[in-house]
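Q: I'd like to ask you about the structure that follows.
The values are calculated or read from the model by the stated rules, or taken from the named source; none is laboratory data. Quantities reported herein were computed from a predicted structural model and do not represent experimental measurements. Counting neighbours? That spans all protein chains shown, and the Cβs are built from the backbone with ideal geometry, glycine included. Just so you know, the surface numbers come from the protein's heavy atoms only, side chains and all, with ligands and any DNA or RNA stripped out. Shrake-Rupley method; radii C 1.70, N 1.55, O 1.52, S 1.80 Å.
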Amino acid sequence: MSDPNIVRRMTAYMAWADDVMLKNAEALPDAELTASRDALFGSISGTFDHILVVCEIFQAHLEGRTHPHAARHRDAVLPFAEVAARLRAIDGYYVACAERWDGRDLTEVIDFEFVGGGRGAMSRADILLHLTNHATYHRGFISALMHPLRPRMASNDLTVFLRDAWSETSHRGKEIET
């Protein structure tokens, strides 16, 4: 059985870390956010948008509905302000799911179709942990893209979250019944 406490903490970490990096990016001029870069998703904004697209895909899987995405990225990246608002909102959705689901809910397996083709099946816990890991991976890319611009960036490390954010929430030490 999945540990709801770990899933809850890691989902909260994803939302917190995404917000930290979005704030770091919001300190840059729009031209830097959308500038073409030698990166998988083309720009800082494009990389954030990719994180959002994957979150939207898995939200649809969890809700048992179809999604509009034919790939893990959009043909045209949304404006950064829209990406930031939508990413923060969907992170809130996932935090609420983690808060609401107990151990039995988290072990429920969700069947879905991958956008690249093929059947998939993951537990709700595995989906939330995948999204957390996926966002972490791409925030690393975003950090690398932002580094040459020399912005003052707040840290989005798990250790900082545990020290500065998690201890300030009502979640710390809260046992979740399974």
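Q: Any idea which residue in segment 133-173 is modelled with the highest pLDDT, counting only those that are assigned to a helix (DSSP H, G or I) and small (Gly, Ala, Ser)?
A: By that ranking, first place goes to Ala135.
Yes/no matrix, rows are residues, columns are (1) open to solvent by less than 20 Å² (accessible area, probe 1.4 Å); (2) modelled with pLDDT of 95 or more; (3) in a helix (DSSP H, G or I):
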{"site": "Phe48", "(1), (2), (3)": "yes, yes, yes"}
{"site": "Val53", "(1), (2), (3)": "yes, yes, yes"}
{"site": "Ile57", "(1), (2), (3)": "yes, yes, yes"}
{"site": "His73", "(1), (2), (3)": "no, no, no"}
{"site": "Glu82", "(1), (2), (3)": "no, yes, yes"}
{"site": "Val95", "(1), (2), (3)": "no, yes, yes"}
{"site": "Leu106", "(1), (2), (3)": "yes, yes, yes"}
{"site": "Ile127", "(1), (2), (3)": "yes, yes, yes"}
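Q: Right, another one. Scan segment 17-34 residue by residue and report those that are hydrophobic (A, V, I, L, M, F, W, C) and open to solvent by less than 30 Å² (accessible area, probe 1.4 Å).
A: Scanning segment 17-34 gives Ala17, Val20, Met21, Leu22, Ala25, Leu28, Leu33.
Q: Could you count how many residues in segment 1-46 are farther than 19 Å from Tyr137 by Cβ, of a type outside the set (A, V, I, L, M, F, W, C) and part of a helix (DSSP H, G or I)?
A: Here is the first cut: in segment 1-46, the ones farther than 19 Å from Tyr137 by Cβ are 1-5, 8, 23, 26-36.
Remaining after also requiring of a type outside the set (A, V, I, L, M, F, W, C): 2-5, 8, 23, 26, 29-30, 32, 34, 36.
Narrowing the set further to residues that are part of a helix (DSSP H, G or I) leaves 4-5, 8, 23, 26, 30, 32, 34.
Summing the residues that are farther than 19 Å from Tyr137 by Cβ, of a type outside the set (A, V, I, L, M, F, W, C) and part of a helix (DSSP H, G or I) in segment 1-46 gives 8.
Q: Right, next: Based on this model, can you work out whether Asp91 counts as farther than 19 Å from Phe161 by Cβ and either in contact with a Lys or Arg (Cβ under 7 Å, 6 or more places away or on another chain) or acidic (Asp, Glu) (or both)?
A: no
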